[in-house]
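Visitor: Shown below is the structure under consideration.
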Amino acid sequence: MAGFCPRFFVGEVGAGRFPEEEAWPAALGDSSLSDSSPDLTGQEFALSGTDAHHALRVLRLRRGDMCEVVVGSAVYAATLQPGGDTVKVSLVRRLEELAAGPRYRHQVGIVQAVVKPSLIDQVIEKGTEVGASFFLLAPSAGSTRWEHVMKEERLTRWRRIAQEAAKQSKRLTVPVVGFSSSLDEAFHNLRHAGVLSVVLQPDAVCGLRELLEEQAVSPARIALWVGPEGGWSPGEVKDFASRGMKPARLGRSVLRTETAGPVAVAVTRLVLGDW
């Protein structure tokens, strides 16, 4: 892509495991608004083996080529310094404002009922691009062969997809990606973290925009719950209502499960003035 400057993350990337329950509130705090770290201009950092391979073999970057590097909550223009077994980047100047990337005020994540792995790939890639803060995968009544899907190697893959999508879309943070063993566990962990759970239902009376405008909390923490192909079961809808979860209609049409989450994130950020 002409004029595109590749972005890399160094140090702690932030696409790790979901934490134990007591650590959830801190883990879901968005560090992208914090930019008080010291200026590291002039320092050098080594790229990871994967990033080094991508820079040299895929992008075919050479010594002195420009790139962008995220260190903590700061972003720098940098030059590539390949040599020996490592590839280093030398920080040239700190990027500010729009050049650094989006700094979101609100936490907006997706709770995705487990579906086919290829569909989850799309949810995580597109969701990251439009600003999802986290992804939490959980089996529902309509999830088939979910034990086969929810494996550690797949989780590793989805975290890698989130990181690559964050680079491409110039994110300052990589969304957290994790599993819950049940919808009940997902709900309780999110509630403990102070997250408002909004269940997307095509037949809901209240629209998503309408519901969000009623919520006066800022900064908001919102989880958008997306059902599997075929939607939530009647029993699940009843359970959601008993927990006080908010149902909302995303739009006038019925979207596919892999489309609904990313679209809902974009709509939510737009309504909250965080787009």
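Visitor: Return, ordered by residue number, the residues of region 156-190 whose backbone nitrogen is under 20 Å from a label point located 7 Å along Cα→Cβ of residue 243.
Guide: So the set is 176-190.
Visitor: Quick check on the chain: of the DSSP beta bridges with both residues there, what percent are antiparallel, nearest 5%?
Guide: If I count the DSSP bridges inside the chain, around 40 percent turn out antiparallel.
Visitor: Continuing with this model, one more query. Tell me, what is the FRET efficiency for residue 121 and residue 191 to the nearest 0.05, using R0 = 30 angstrom and their Cβ-Cβ distance as r?
Guide: Details: r = 28 Å, r/R0 = 0.95.
Efficiency for this residue pair is about 0.60.
Visitor: Which entry is the computed Kirkwood radius over Cα pairs in Å for this structure: [x] 19.1; [y] 26.7; [z] 19.6?
Guide: So the calculated entry is the one marked [z].
Visitor: Number of Lys-Lys pairs in the chain under 16 Å by Cα, sequence gap 8 or more or different chains?
Guide: Taking the chain as the scope, the lysine pair count is 5.
Visitor: About the Cα centre of region 107-271, how large is the charge dipole given +1 on each Lys and Arg Cβ and -1 on each Asp and Glu Cβ? Please answer in debye to the nearest 20. Walk me through the intermediate numbers first.
Guide: Numbers: 21 positive and 17 negative charges, 79 e Å.
So the magnitude is around 380 debye.
Visitor: Now a separate question. Can you tell me, using C-alpha contacts under 8 Å and at least 6 residues apart, the relative contact order of the chain as a whole percent? Display every interim value, and only then the final one.
Guide: Working: 513 pairs, mean separation 60.6, N = 275.
Relative contact order of the chain: 22 percent.
Visitor: Rounded to the nearest 0.05, what FRET efficiency is calculated for residue 92 and residue 147 with R0 set to 35 Å and r the Cβ-Cβ distance?
Guide: The value I calculate is 0.10.
Visitor: If exposed GluC sites (Glu not before Pro) are those in a DSSP loop with at most 11 other Cβ within 10 Å, what is the longest stretch of the chain that has none? Before the final figure, lay out the partial values.
Guide: Working: sites that count: 12, 20, 96.
Counting at most 11 other Cβ atoms within 10 Å as exposed, the longest clean stretch of the chain is 97-275.
FYI, it's all coordinate maths here, none of it is from the lab. Computed from a predicted model, the values in this text were never measured in an experiment. Cβ coordinates were reconstructed from backbone atoms using ideal geometry, including for glycine residues, and neighbour counts include every protein chain displayed.
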